[in-house]
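For reference, the structure is listed below as structure tokens.
Laboratory data are not the source of any read-out in this text; all were calculated from the coordinates shown. Because the structure is a prediction, the values reported are computed rather than measured. As a convention, Cβ positions derive from the backbone with ideal geometry for all residues, glycine included, and neighbour counts pool all protein chains shown.
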Amino acid sequence: MLGYIVRRLLASVPVLLGTTFLIFVAVYALPGDPITALAGEDQTISPAVRRELTERYGLDDPLLVQYVNYLTGLFVGDFGVDFRGVEVSYVIARAWPTTVLLALTAWVLMAVFGIGLGAIAGLRPGGVVDGAVLAATTVLIGIPFFVVAYVGQIVFGLEFGWFPTSGTRDGWPLSYVLPAASLAIFGVPELARLTRASILENRYADYVHAAVAKGLSPMRIAVRHVLRTSLIPVVSMLGLSLGGLLGGAVLVEGIFNVPGLGYAIFTAIGQQNGPVVVGIGSLVVLVFLGVNLLVDLMYGVLDPRVSLDRRG
Amino acid sequence: MTSVQATTATTDLATPVVRVRDLSIEFATRSGRSTAVKKMDLDLHPGRTLAVLGESGSGKSATARAIMGVLPPGGSVTSGTVEVHGVDLLAMRPKEQRRVRGPVVGMVFQDAQSALNPVLPVGYQIAEGARAHRGMSRKAGRELAIDLLDRVGIADPRRAVDRFPHQFSGGMRQRVMIAGALAIDPEVLIADEPTTALDVTVQSQILQLMLDLRDERGLALMFITHDMGVVATIADEVLVMYDGHVLERGTRDQVLHAPEHAYTRALLESVPSADNRGRELPVVAAGVGRGEVVEVIEPESDVEVLSRPGNDVVVRAQGVGRDFSLASGGDWWRPGRAGRTTAVHEVDLTVHAGETLGVVGESGCGKSTLARMLTGGLAPTRGRVEVLGRDLSALTRGERLEVLRDVQLVHQDPSSSLDPRLSAGAAIAEPLVVHGVGDTASRRARVLELLDLVGLDPDHANRLPHQFSGGQRQRVEVARALALEPRLLVLDEPVSALDVSVQAQVVNLLMRLQRELDLAYVFISHDLGVVGHMSHRVLVMNGGRVVEEGPVAQIEDDPRHPYTSQLLAAVLRP
């Protein structure tokens, strides 16, 4: 097991290098000039200041040199300084708790509703819940989720006034309900359908029949035999969806003005604030890799047939 | 009052634990409802075994599953009662049924691999019934599981209890399954073909275990099987089913030695063995029978019709063997430990025209690997294979293809080896197309000729595999193998997936084709009976080696190797 974790961590090094490099290149390739963007379109900057700034941020160095310098910094935990002179690590430190709270809230909502609805639908196929879930998920899959976000904001925030429409001043859970729900809602249909399909596949398995033949109660059979095996693929999808949630957080935090990582990267792109974009981007990749590893370890726990030590 | 009680007590001994009356089961199909079981009666008595004998589709499994409430989707009981201790199980409420299914009547399923939950430890699965019904603690359940694992003959039960099903062999899994049914201490055990998927030596161990348990605990045993040998070993009473009807019932000796129904007789006679060696087998005309009317086609004559081998050597293998590498672990920067395993050590064999060489062995003995090497599908690691005197490894690709036309392989399961979207005619014509033989018209003529040769209606050339029965599909497979007029057929368990009566048809067909076409066969099987019936010589394999070789009579009557004796001892005869 330990050997497997070490191997996986080593294997994630090239992935990390590749993705950070891609983000770095993408930011580098952005049109316009960061110094002008920083100063504002109308401002004139004296050539001396410009030269001084260019030199301080190494903007004249070749791309690879800049990248290596950045990586060296990253290696010792230095995310660098952005163009406003603010430490990127400070930007991240201020924003991450908000995003983690938002993503986890959304994640839990997604798991509860996705698995719950999928399980009820799968255990009673053809029933009322099943029909409703199938119809609702079809509709939801067809609607872009930012539409849901705006509609939710208007209906529950403005019309009914149940939840704040913007910011996090009211704290958790009140301020987080709307953004988390809009974030969760795009994962629920897929998750519910996967759960349902997986349960239908296992419902008539021989070992379920064997459990019936032992006179076990339907509840015990559903939980111990049907759900236990059906949730294996669901768990791996739930893990991977955390990455999607982090991506979705950029839009949702923008819409609801939640001061998290997504909001920070959102504004940084507008300001061509490269160091912040690359820093947060790398962090998201790192988190994603970590979650992936956890999911695979979970897989080994959930399914004893999977031997992690023998997998390449 | 006391006298009444006494009477009840004495009749209790004679009354069955389970009494099934008038049971009918239907299945919803696309073309309406079909009857699986029609007005079935049966009784199960303590300490006795009722064997329910029948072929696939006879309704024997449906009966068991209806009693246990696990009919497949679409199946339902349309009439009848299942009385357990005098109370109708089917009329009970679900909660009451659960106090009968499990605690009173337990079940062992055919395929322990799929009937055990792959993600739960076996100890948990053995104890869960007892824990649910007797409120046993987790710890007590574990001790019970350890006791039972020990009882069913699993070594080191304290460690085995925490293992998962995939860590056991097939026979061991079946023992685990039995332990799980016994944990709730039932009075009745229903076993649905529990040994069908097992090797013969393992099968006899499991049967012995079930008999011991029956006697030890006074279990009423209902044993579903299609195998006459199993019936002879385990049954007290026998019930013969066909197409949902009970055709015959009686004691084991009555049914096996003085069967009344023509179908039972045909079933018994159509089991191939060394006793009816080389004779044509009686055949049950499939699909004709309905209830009492089963058409049995008796053979025209009772003389041995085995072909006479010639002197031409068709295939010769010298010291042929094969290793496989086992990849374990490893990454792109660090290759894993590469292990090697030897599937076949060094095998010598020779087959002449018109001769059948039987290859017998249990699963994993290397017989299928040998088949693939003989047909050129797998290159040997060592040794050489000569087809009609030409060494396969010394030929160019083109020459090999040419030579291999003379060697064709017939697979075990025609329902997976035939393309479900390709008509029978197209499947049979495929080898002709691949080798560029003839034009469209001549190929068509050849296909019709081949269909006729294997006893299929040429009008059925356009049918798809699912429109044929299992036996007919295997005929299509044989016709395809014969398309290129080969000299040798390598038959890898060609009748193992078929019912006894259908098996008889295919065995008859193969023997007739051999006589007519002077074909050489390598007949691979785990079934000594079939091999003894139609082979000229036999080769016994174990652990990738040939342990014994000789004429059928010598192997059967005077085995030299202990493994051969062990195999023969495990064969169950009706």
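For the protein assembly as shown, the share of DSSP beta bridges that are antiparallel, to the nearest 5, is 60%.
Which whole number gives the average count of other chain Cβ atoms within 10 Å of the Cβ atoms across peptide B:42-54? Shielding by partners across B:42-54 averages 0. Along chain B, counting only trypsin sites (Lys or Arg not before Pro) with a DSSP assignment other than H, G, I, E or B and at most 15 other Cβ atoms inside a 10 Å radius, the longest segment between sites is B:100-336.
Counted by Cβ distance under 10 Å from B:ARG537, the other residues give a net charge of -2, where Lys and Arg count +1 and Asp and Glu count -1. Projecting the Cα atoms of A:ALA181, B:ALA130, B:ALA220 onto the charge dipole of the protein assembly as shown, computed from C-beta unit charges around the Cα centre, puts A:ALA181 farthest toward the positive end. For segment B:142-285, the spread of Cα coordinates along the three principal axes comes to 52, 33, 24 Å, biggest extent given first.
Return the FRET efficiency for the residue pair A:TRP162, A:LEU134: r is the Cβ-Cβ distance, R0 is 25 Å, and the value is rounded to the nearest 0.05. So the FRET efficiency works out to roughly 0.30. Each Cα pair under 8 Å and six or more residues apart adds its sequence gap; the mean of these over the residue count of segment B:121-195 is a relative contact order of 40 percent. Each of B:LEU392, A:LEU302 has some number of other Cβ atoms within 10 Å of its Cβ, and from fewest to most they run A:LEU302, B:LEU392. Plugging the Kirkwood radius over Cα pairs into Stokes-Einstein for segment B:404-453, at a temperature of 4 °C and a viscosity of 1.567 mPa s, what D comes out in µm²/s? The diffusion coefficient I find is 109 µm²/s.
When the alpha carbon gyration tensor of segment A:145-287 is reduced to an equivalent ellipsoid, its three semi-axes come out at 40, 20, 11 angstrom, largest first.
Within chain B, antiparallel bridges make up roughly 60 percent of the DSSP beta bridges whose residues both belong there. Once the Cβ-Cβ distance of B:ASP41 and A:VAL306 is raised to the sixth power relative to R0 = 56 Å, the FRET efficiency obtained is 0.70.
The C-alpha radius of gyration of the protein assembly as shown, expressed as a fraction of 2.2 N^0.38 Å, stands at 1.22. Of all lysines in the structure, the ones whose alpha carbon falls short of 21 Å from that of B:LYS95, not counting any fewer than 8 places away in one chain, are A:LYS214. Rounded to the nearest 0.05, the FRET efficiency derived from the C-beta distance between B:SER137 and B:ASP323 at R0 = 60 Å is 0.75.
Based on the reciprocal of the average 1/r between different C-alpha atoms, the Kirkwood radius for segment B:462-524 equals 12.2 Å.
The residues packed around B:GLY377, meaning those with a beta-carbon under 12 Å from its beta-carbon, carry a net charge of +2 if Lys and Arg are +1 and Asp and Glu are -1.
Rounded to the nearest 20, the Cβ-based charge dipole of segment A:168-312 about its Cα centre (Lys and Arg +1, Asp and Glu -1) stands at 540 debye. As a proxy for reagent exposure, ranking B:SER368, A:SER89 by other Cβ atoms within 10 Å from fewest up yields A:SER89, B:SER368. Each helix, a run of at least 4 DSSP H residues, gives -39500 (n - 2.57); summed and divided by the residues of chain B, these come to -10500 deg cm²/dmol at 222 nm. If the chain linking B:ARG33 and B:ARG159 were pulled fully straight, counting 0.36 nm for each residue of separation and taking away their Cα-Cα distance, it would gain 40.4 nm. Estimated translational diffusion coefficient (Stokes-Einstein, Kirkwood radius over Cα pairs, 37 °C, 0.692 mPa s) of chain B: 126 µm² per second. What percentage of all Cα-Cα pairs in chain A are separated by more than 31 Å? Summing the P(r) of chain A above 31 Å gives 46 percent of all pairs. For the peptide B:115-126, the mean number of other protein chain Cβ atoms found within 10 angstrom of a residue's Cβ is 5. With each label modelled as a point 7 angstrom along the Cα→C-beta vector, the B:SER442-A:ARG84 pair spans 8.6 nm. Relative to the Cα centre, the charge distribution of segment B:127-178, modelled as +1 at Lys and Arg Cβ and -1 at Asp and Glu Cβ, gives a dipole magnitude of about 100 debye. Shielding by partners for peptide B:61-69, expressed as the average number of C-beta atoms from other protein chains within 10 Å of each residue's C-beta, is 2. Dipole check for chain B: with +1 at the C-beta of Lys and Arg, -1 at the C-beta of Asp and Glu, and the Cα centre as origin, the magnitude is about 2240 Debye. Sorting A:GLU87, B:GLU300 from the fewest to the most surrounding beta carbons within 10 angstrom yields B:GLU300, A:GLU87. When exposed loop sites are taken as chymotrypsin sites (Phe, Trp or Tyr not before Pro) in a DSSP loop with at most 16 other Cβ atoms within 10 Å, the longest stretch of chain B clear of them is B:1-331.
Distances between placed amide hydrogens fall under 5 Å for B:ALA51 paired with B:PHE223, B:ASP236, B:GLU237, B:VAL238, B:LEU239, all partners being 5 or more residues away or on another chain. Per-residue Karplus couplings for segment A:89-103, computed as 6.51 cos²θ - 1.76 cosθ + 1.60 with θ equal to phi - 60°, are listed in order as 4, 5, 4, 5, 4, 6, 8, 5, x, 4, 5, 4, 4, 5, 5 Hz, Gly and Pro entered as x.
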